[in-house]
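Following: one structure in C-alpha cells, then a few remarks.
We did not get these values from a lab; they are worked out from the coordinates using the rules stated. Fair warning: this is a prediction, and the values are worked out from it, not measured in the lab. Neighbour counts run over all protein chains shown; Cβ positions are idealised from the backbone, glycine included.
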Amino acid sequence: MSLSNTVENEMLADFLTRHPTLFLALSSSDPGETGAGISEPAPEEYVRQPVGAVALTGSAIYLDDDIVFPGATQTWGTVAYVAMFSAEEGGTFLGSAAVESVNVGVGAVITVAAGTPVVTLD
C-alpha cells in the first residue's frame with residue numbers, strides 16, 4: 001500500500017516540528033539514505049546555510065526563500081545534490097535531493113532557488 005500525499009505531508013509536518021532549525025549543505029555525490037555518501041566542499045569558506053521558511057507540497061519540502069552560499073575563494077568542484085542537516089556542523093542528516101549540477105569555481109556564488117525540493121518522500 002502506498003501512503004497518500006496527505007499522510008506523507010502530515011509526516012513531513014511532524015518532521016519539521018521535530019527539527020525546527022535546518023541547515024542546507026552542498027554535495028558532489030549522492031548522500032544516499034543514511035547521509036554516508038555526502039561529499040561537501042572542503043575549503044574553509046564553505047559553511048552550511050540556515051534554512052528559513054519551507055513549504056510542504058506533494059510529499060516534499062521546498063525552500064520558500066533563496067539560500068545563498070557566499071563566493072568561493074577556491075574551487076569547490078561539482079555540486080549535484082543538496083542535503084538537509086539539523087546543525088551547521090555535524091548534526092543529524094535529514095534528507096537530500098538532486099539538483100542541477102554546477103561546477104563551482106573561484107568567485108562563484110551558489111544560490112539554491114526558492115521552490116527547490118530539498119527533501120522528498122519516496
Self-check item: Degrees, to the nearest 10: 5-18 long Cα axis against longest axis of the chain
Solution: 60
Quiz item: For labels at T120 and V47 in the simple 7 Å Cα→Cβ model, what's the distance in nm?
Solution: 3.1
Exercise. Loop only per DSSP, at most 10 neighbouring Cβ atoms within 10 Å: give me the GluC sites (Glu not before Pro) in segment 1-78, ordered by residue number.
Key: E44
Exercise. Normalising by the residue count of the chain, find the relative contact order in percent from Cα pairs under 8 Å and 6+ residues apart.
Key: 28
Quiz item: Which three semi-axes in whole Å describe the equivalent ellipsoid of segment 72-118, each the square root of 5 times a Cα gyration tensor eigenvalue, listed largest first?
Solution: 20, 14, 9
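Give me the extension gain from V109 to S86: residue separation times 0.36 nm, minus the current Cα-Cα distance, reported in nm with one decimal.
Values: separation 23, 0.36 × 23 = 8.28 nm, distance 2.32 nm.
Extra length from V109 to S86 when fully extended: 6.0 nm.
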Quiz item: With a 10 Å Cβ neighbour count serving as the proxy for reagent exposure, in which order, fewest first, do M11, M84, M1 appear?
Solution: M1, M11, M84
Quiz item: For segment 5-120, with only Lys/Arg (+1) and Asp/Glu (-1) charged at the beta-carbon, what is the dipole magnitude about the Cα centre, in debye rounded to 20?
Solution: 60
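Evaluate segment 5-120: find the radius of gyration of its Cα atoms, find its Kirkwood radius, and give the ratio Rg to Rh. Don't skip to the end; give the middle numbers.
Values: Rg = 13.7 Å, Rh = 14.3 Å.
Taking Rh as the inverse mean 1/r over Cα pairs, Rg/Rh reads 0.96.
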